[in-house]
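The values are calculated or read from the model by the stated rules, or taken from the named source; none is laboratory data. For clarity, every value in this text was computed on a predicted model and none was experimentally measured. Cβ sites come from the backbone with ideal geometry, for glycine too, and all protein chains shown count toward neighbours. Just so you know, the surface numbers come from the protein's heavy atoms only, side chains and all, with ligands and any DNA or RNA stripped out. Shrake-Rupley method; radii C 1.70, N 1.55, O 1.52, S 1.80 Å.
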Amino acid sequence: MSSPVAIHPVVHAVTERIRKRSQALRSAYLEGLDRLAARIRGADRMGCANVAHAFAAMPAQDRLRVVAQKAPNIGVVTAYNDMLSAHQPYEGYPACIRDEARQRGAIAQVAGGVPAMCDGITQGQPGMELSLFSRDTIAMSTAVALSHDVFDAALLLGVCDKIVPGLLIGALHFGHLPCVFVPAGPMSSGLPNKDKARVREQAAQGLVGREALLASESQAYHGPGTCTFYGTANSNQMLLEAMGLHVPGSAFIHPHDGLREQLTRQAVRQVLDLVRGGPRFTPIGRLVDERAIVNAMAALLATGGSTNHLIHWVAVARSAGLVIDWTDFAELSAVVPLLARVYPNGSADVNQFQQAGGPGFVLRELLDAGLMHADVMTVDAGGLAAYTRVPALDAASARLTWWALPSAPGDDSVVRRVGQPFSPSGGLRLLQGRLGRAVIKVSAVPQDRQVIEAPASVFDSQEALLAAFQVGELERDVVAVVRFQGPAANGMPELHKLTPPLAVLQNRGFRVALVTDGRMSGASGKVPAAIHVTPEALGGGPLARLRDGDVVRLDALSGTLEVLVPDDEWARRVPAQRPEHLAADSAHGLGRDLFAGLRRNVRSAEEGAVTWL
């Protein structure tokens, strides 16, 4: 990386606005953090019965270390399960972590597990209505795991959509602890994503049957590791690199690569450097400041990452005493260029992204352009500059080393330099107007599809839209509106099953868009979609006033979302109510009853859909 450059004035202005807006909240957060960090260590602070319970299952030698020799104790919080490909590799991590900790004069305990659900499995199913709320459930589970309060640091093992934000939110509520995230990596490349998408669209038209569709999907999702498209899971990994919470360059190393174990062992070494009494005590609550949050936002925009993070990172920031909103994202998006094209924003998968330069290349470009803060704390002693290099095993010593990336990308169809971006602005934009505030992912939307004006077809569920498509009712220019999908209505499910039929309509030459107060998958893109519409329809938001045939204008270029209805008529309209059968369906069955309290208490999407304020 070249010498430090002045921070871009817009990046500086947004950061300062966040700092000033958050001053009182952040000061209170740091005061509480410092109070907890100043206590004597748990094994010395607690009663003898408490200590005995905490270490009863340990080997005697480890008990001696932690109690008498005052060895650091690392709490491990894991999302391991052997059903989900992304988390199955974590099965052997605790043994590796314990071994490395002992070699370093420390101990490690699995403090607890957190649930990890897969949106790919629950997509279009009732379980999807638990998905968004699983994030806060994971945060609470992280808090339960760490509540035993005997730990000097934590390692957080998780990868996918809600798991990383949930772990991070939970960790920030224990902000006095140093923490390092430990990824597991992506699966090897399978069926190319464009081929998978083509088969899905064929299935939506009835051109291929279930057998062909299942064969296609099984070739795409075929082994341990994260899915290889650049959805929410892999966006998580990009953002953690940008925030300096990983071992540098560890995001996209395969689970089966020998390098992976060495990176996991390095995570143990790094977190021990960060403990109180270590060479550089760094609690996670100090590390995650307004500059780190802005860095994550810039990395998201530069890579055209998942729209879900316009919800999740608002909640993450709030957990560190920081307040951000979609206007902050929008202003950054205007100056942060799009530097990566990874499916669904291009044809490459994350393995090709890694080969072309990956996170390190993008972060180096942003830093060199003054579009990220270089003067931040990270879990690596080298600061954020360390994250512009790639890890490798030295052939002679079999030890970890890091190499500088070439100045040119390995493949300029996948990553670009700041001076030759795919787009001069970021991949996500804010829309606002009479229909509320919404976000749109434009990085995969063709330029001639970024303005859509057409009559609305209004649906109260995604099933109703799919049924209308099947009988040919949408064979025209149309803005499909799916409402009553917000956090308070039914947990804000992803509506990714709508992508294939809407793509089919677009491919037939119709001008098509989606408007919803629900979410779309991080893998969605080429159909223009105004999502996360706030306020949501359930509370009388603007989508509840829409009627079939109203002309809706979605303009991603000007950042507007309007309905072309006379003001007096719009004002007279009484908001529609959610049909009773849909309300009943979302309230009961398959665990949804247990989340009723979260639906009642949840904040808006722009407030992070948090349930704990």
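Annotations
- Among the residues of the range 463-482, those identified as open to solvent by 20 Å² or more (accessible area, probe 1.4 Å) and either assigned to a helix (DSSP H, G or I) or touching an Asp or Glu at 6+ places or on another chain (Cβ under 9 Å) (or both) are Glu463, Ala464, Leu466, Ala467, Gln470, Asp477.
- A single entry from Arg519, Arg599, Arg553 fulfils the requirement of being within 22 Å of Ser333 (Cα to Cα) and within 25 Å of the chain's Cα centre (by Cα): Arg519.
- Of the residues contained in the range 403-411, one or more are found to be open to solvent by 50 Å² or more (accessible area, probe 1.4 Å), outside any loop (DSSP other than H, G, I, E, B) and closer than 30 Å to Gln262 by Cα.
- Of all residues in the range 27-48, those satisfying the criterion of being assigned to a loop (DSSP other than H, G, I, E, B) and free of Cβ contacts under 8 Å to residues at least 24 places away in the same chain are Ala38, Arg39, Ile40, Gly47.
- Of all residues making up the range 551-572, the number that are closer than 20 Å to Ala480 by Cβ and surrounded by fewer than 14 Cβ atoms within 10 Å (Cβ to Cβ): 2
- Of everything listed in (1) surrounded by fewer than 23 Cβ atoms within 10 Å (Cβ to Cβ); (2) in a loop (DSSP other than H, G, I, E, B); (3) modelled with pLDDT under 95, the single unmet condition for His254 is (3).
- Restricting attention to the range 211-256 and to residues that are of a type in the set (Asp, Glu) and farther than 25 Å from Ile74 by Cα, the residue that is nearest to the chain's Cα centre (by Cα) turns out to be Glu217.
- Filter result for the condition that a residue is open to solvent by 80 Å² or more (accessible area, probe 1.4 Å), modelled with pLDDT of 95 or more, within 12 Å of Pro487 (Cα to Cα) and in contact with a helix residue (DSSP H, G or I) (Cβ under 7 Å, 6 or more places away or on another chain), over Glu536, Glu607: Glu607
- Against the list (1) out of contact with any Lys or Arg (no Cβ under 8 Å at 6 or more places or on another chain); (2) surrounded by fewer than 24 Cβ atoms within 10 Å (Cβ to Cβ); (3) at pLDDT 95 or above, the condition Leu156 fails is (2).
- Criterion (farther than 24 Å from Val376 by Cβ and part of a helix (DSSP H, G or I)) met by exactly one of Ala242, Ala197: Ala197
- Test: Asp328 is under 30 Å from Gln23 (Cβ atoms) and under 18 Å from the mean Cα position of the chain (by Cα): yes
- Arg508 in contact (Cβ under 8 Å) with a residue 40 or more places away in the chain and either touching a helix residue (DSSP H, G or I) at 6+ places or on another chain (Cβ under 8 Å) or of a type in the set (Lys, Arg) (or both): no
- Scan of the range 561-590 for residues that are out of contact with any helix residue (DSSP H, G or I) (no Cβ under 6 Å at 6 or more places or on another chain), closer than 30 Å to Val451 by Cβ and part of a loop (DSSP other than H, G, I, E, B), ordered by number: Leu564, Val565, Pro566
- When the range 314-342 is filtered for residues that are part of a helix (DSSP H, G or I), out of contact with any Leu (no Cβ under 7 Å at 6 or more places or on another chain) and either of a type outside the set (Asp, Glu) or more than 26 Å from Gly383 (Cβ to Cβ) (or both), the ones remaining, listed by number, are Val314, Ala315, Ala317, Arg318.
- Counted residues, the range 391-402 - those being open to solvent by 60 Å² or more (accessible area, probe 1.4 Å) and in contact with a Phe, Trp or Tyr (Cβ under 7 Å, 6 or more places away or on another chain): 0
- Residue in the range 522-531 that is open to solvent by 20 Å² or more (accessible area, probe 1.4 Å), closer than 22 Å to Asp325 by Cα and either not charged (D, E, K, R) or not in a strand (DSSP E or B) (or both) present: no
- Condition check for Ala24: assigned to a loop (DSSP other than H, G, I, E, B), open to solvent by 70 Å² or more (accessible area, probe 1.4 Å) and hydrophobic (A, V, I, L, M, F, W, C): no
- The range 238-251, subset under 23 Å from Ala37 (Cα atoms) and of a type in the set (A, V, I, L, M, F, W, C), residue surrounded by the most Cβ atoms within 10 Å (Cβ to Cβ): Met243
- Some residue of the range 182-189 being open to solvent by less than 10 Å² (accessible area, probe 1.4 Å) and at positive phi: yes
- Of all residues in the range 131-146, those that are free of Cβ contacts under 8 Å to residues at least 40 places away in the same chain have Cβ atoms under 6 Å from Cβ atoms of residues that are open to solvent by less than 10 Å² (accessible area, probe 1.4 Å) and assigned to a helix (DSSP H, G or I), 6 or more apart or on another chain, in Ala143/Gly170.
- Pairs are defined by a Cβ separation below 7 Å, a sequence spacing of at least 6 or placement on different chains, a first member in the range 265-277 that is over 17 Å from Leu393 (Cα atoms) and open to solvent by 10 Å² or more (accessible area, probe 1.4 Å), and a second member that is aliphatic (A, V, I, L, M) and part of a helix (DSSP H, G or I); the pairs so defined are Arg276/Ala37.
- Failed item, numbered, when Arg553 is tested on (1) charged (D, E, K, R); (2) closer than 28 Å to Ser131 by Cα; (3) touching a strand residue (DSSP E or B) at 6+ places or on another chain (Cβ under 8 Å): (2)
- Complete set of residues in the range 73-112 that are crowded, with 21+ Cβ neighbours inside 10 Å, over 22 Å from the mean Cα position of the chain (by Cα) and in a strand (DSSP E or B): Asn73, Ile74, Gly75, Ile107, Ala108, Gln109, Ala111
- When Met140, Met128 are checked against the criterion of being closer than 23 Å to Met83 by Cβ, open to solvent by 10 Å² or more (accessible area, probe 1.4 Å) and either touching a Cys at 6+ places or on another chain (Cβ under 6 Å) or not in a loop (DSSP other than H, G, I, E, B) (or both), a single residue qualifies: Met140.
- Qualifying residue in the range 500-507 (condition: assigned to a helix (DSSP H, G or I) and under 30 Å from Asp593 (Cα atoms)): no
- Taking the numbered list (1) in contact with a Cys (Cβ under 9 Å, 6 or more places away or on another chain); (2) open to solvent by less than 10 Å² (accessible area, probe 1.4 Å) in turn, Asp161 passes all entries but (2).
- Restricting attention to the range 350-385, the residues that are touching a Leu at 6+ places or on another chain (Cβ under 9 Å), assigned to a loop (DSSP other than H, G, I, E, B) and farther than 11 Å from Val414 by Cβ add up to 9.
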